[in-house]
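Chemist: Next up is a structure, given as structure tokens.
The values are calculated or read from the model by the stated rules, or taken from the named source; none is laboratory data. Since the model is a prediction, treat every value here as computed from it, not as a measurement. Here the Cβ is made from the backbone with ideal geometry for all residues, glycine too, and neighbour counts use every protein chain on show.
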Amino acid sequence: MILRAKHLITPEGWYRPGWISVADGQIEARGNGEPPPPGEVTDLGDSWILPGFIDMHVHGGGGASFTEGGADEARKAVAFHRAHGTTRIIASTVTAPLDELQWRVAMLADLADEGVIDGIHLEGPFLSQARCGAQDPRYLLDPDLAAFERLHAAARGHLRQITIAPELPGAIELIRAAVGAGVIAAAGHTDATAEVTAAAIDAGVTHATHLFSAMPPLHHREPGAAGALLDRRVTCEVIADGTHLHDMTIRLAARALRRDDLVLITDAMGAAGMPDGRYRLGPQDVVVSGGVARLAEGVPGAGSIAGSTATMAHVVRRAITAVDLPAADVAAAASTTPARILGLAEVTGALLPGLAADLVVLDDDFRLTAVMARGQWVDTPG
């Protein structure tokens with residue numbers, strides 16, 4: 001299979017026009033200009049071919065989630081996001097009672113064994129009460145090594161990331177334990193000062209969970225966690241859904257970071273792709289109105305934004321057309337950088353020979369038109 005398009009984005013930039021050949025589920029070759037004979041060429045016209053998206057922070061979508069229900073629910077959420085361009089996915093949990101969380105992590109580990117998901121992200125329970133956002137404050141815990149070991153064991157090697165509030169008692173010890181176990185330690189849902197956050201980075205934090213969201217705003221006399229995370233240039237997630245962050249804020253973050261340190265995520269919950277209405281995010285009731293998810297009235301923290309209803313196709317398009325980031329930088333933030341962070345760079349994340357044929361096709365207005373995962377076309381909406 002040979003695909004030709006007006007734009008082909010690679011780690012070196014883009015080819016105009018470019019072509020890519022796929023065989024046995026992998027990228028066989030790619031090049032600039034016209035594809036060499038022989039071979040049957042599918043001409044995609046003025047389209048863009050980008051590497052398939054990797055969402056390393058997502059709770060659900062398509063009316064299903066990773067935070068409630070069982071394996072069938074999780075499979076449904078994966079299928080929804082794959083149809084919207086996410087060819088690799090890290091399932092994110094939310095804070096819940098420890099026994100329930102342990103069961104859920106074990107269930108997700110089974111799906112990771114099958115290759116349905118590519119790992120697990122523990123968002124909670126070691127988060128700040130002051131900055132819990134849509135996390136249920138009843139089940140938040142101070143960092144506890146025994147609790148972490150239970151969850152890590154349940155994940156059976158599939159725990160990729162854990163979000164920790166650095167200011168909590170025991171946080172530094174837990175950060176070191178996570179890093180020692182090969183898990184990405186991320187700072188998030190935190191009320192930490194810049195100095196405390198910098199100490200956590202020294203201890204092993206290398207990533208920021210949804211930068212600016214669920215942390216103090218950056219102030220010119222107190223830069224807080226966001227300032228330290230940008231200053232020390234760890235990798236930083238941003239939610240470019242048009243709700244969580246102002247477009248200018250994302251541009252400022254992109255300028256402060258190296259190109260290879262920005263990560264686009266959805267932080268999507270089960271209502272992604274669904275009509276307005278009532279939904280759940282773990283133990284919490286959520287109301288979606290005008291496409292914005294918020295904790296329902298009567299819930300602790302009512303009115304707080306409760307994840308997003310976005311897809312990676314949406315945040316990628318907005319990052320290019322509204323935030324005005326270069327398309328090549330956006331492809332890196334949506335694919336290549338998360339692949340590197342997650343240890344998947346030898347498998348996926350770029351249009352390079354030898355990697356999995358995970359790719360998306362966008363039209364000249366950057367709307368998703370086709371998805372290929374592991375060399376197979378995926379049915380897409382419309």
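Chemist: Across the stretch 255-277, what is the total count of residues that are surrounded by 23 or more Cβ atoms within 10 Å (Cβ to Cβ) and within 19 Å of Met56 (Cβ to Cβ)?
Modeler: 10
Chemist: Using beta carbons and a limit of 7 Å, which pairs, at least six apart or on different chains, have the first residue in the stretch 29-40 and assigned to a loop (DSSP other than H, G, I, E, B) and the second one small (Gly, Ala, Ser) and surrounded by 10 or more Cβ atoms within 10 Å (Cβ to Cβ)?
Modeler: These pairs meet every condition: Gly39/Ser21.
Chemist: Which of the residues that make up the stretch 362-380 are farther than 14 Å from Gly25 by Cα and surrounded by 22 or more Cβ atoms within 10 Å (Cβ to Cβ)? Steps first, please.
Modeler: In the first step, residues of the stretch 362-380 are kept if they are farther than 14 Å from Gly25 by Cα; the result is 362-370, 379-380.
Those that are farther than 14 Å from Gly25 by Cα and surrounded by 22 or more Cβ atoms within 10 Å (Cβ to Cβ): Leu362, Leu368.
Chemist: Can you find a residue in the stretch 341-348 that is in a loop (DSSP other than H, G, I, E, B), assigned by TED's automatic domain parsing to the domain that holds Thr206, within 27 Å of Leu252 (Cβ to Cβ) and more than 18 Å from the chain's Cα centre (by Cα)?
Modeler: no
Chemist: Restricting the search to the stretch 143-172, which residues are surrounded by fewer than 18 Cβ atoms within 10 Å (Cβ to Cβ) and under 21 Å from Gln284 (Cβ atoms)?
Modeler: Ala147
Chemist: Specify which of the listed residues (Ala130, Ala146, Ala153, Ala134) is assigned by TED's automatic domain parsing to the domain that holds Val78, in a helix (DSSP H, G or I) and farther than 22 Å from Ala203 by Cα. Full working, then the answer.
Modeler: Values: Ala130 fails: in a helix (DSSP H, G or I); Ala146 fails: farther than 22 Å from Ala203 by Cα; Ala134 fails: in a helix (DSSP H, G or I).
Every option except Ala153 fails the conditions.
Chemist: Suppose we keep only residues that are closer than 7 Å to Ala306 by Cβ and among the aliphatic types (A, V, I, L, M) within the stretch 278-295. Which one would you say is surrounded by the most Cβ atoms within 10 Å (Cβ to Cβ)?
Modeler: Ala293
Chemist: So, Val292, is that one modelled with pLDDT of 95 or more, farther than 22 Å from Ala200 by Cα and assigned by TED's automatic domain parsing to the domain that holds Thr209 or not? Even if it seems obvious, please write down each step before you answer.
Modeler: On the way: modelled with pLDDT of 95 or more: yes; farther than 22 Å from Ala200 by Cα: yes; assigned by TED's automatic domain parsing to the domain that holds Thr209: yes.
The answer is yes for Val292.
Chemist: A further question follows. How many residues are more than 19 Å from the chain's Cα centre (by Cα) and either part of a strand (DSSP E or B) or aliphatic (A, V, I, L, M) (or both) when one looks only at the stretch 251-271?
Modeler: From the stretch 251-271, those more than 19 Å from the chain's Cα centre (by Cα) are 252, 255-256; that's our starting set.
If we keep only those that are either part of a strand (DSSP E or B) or aliphatic (A, V, I, L, M) (or both) too, we end up with 252, 256.
Residues flagged as more than 19 Å from the chain's Cα centre (by Cα) and either part of a strand (DSSP E or B) or aliphatic (A, V, I, L, M) (or both) within the stretch 251-271 amount to 2.
Chemist: Considering only the stretch 272-291, state which residues are under 20 Å from the mean Cα position of the chain (by Cα) and under 22 Å from Gly124 (Cα atoms).
Modeler: If the condition is that a residue be under 20 Å from the mean Cα position of the chain (by Cα) and under 22 Å from Gly124 (Cα atoms), then Ala272, Arg280, Leu281, Gly282 are the ones that fit.
Chemist: Follow-up. Out of everything in the stretch 78-99 that is in contact with a strand residue (DSSP E or B) (Cβ under 7 Å, 6 or more places away or on another chain) and polar (S, T, N, Q), what residue ends up being nearest to Ala313 (Cα to Cα)?
Modeler: Of everything passing the filter in the stretch 78-99, Thr86 is nearest to Ala313 (Cα to Cα).
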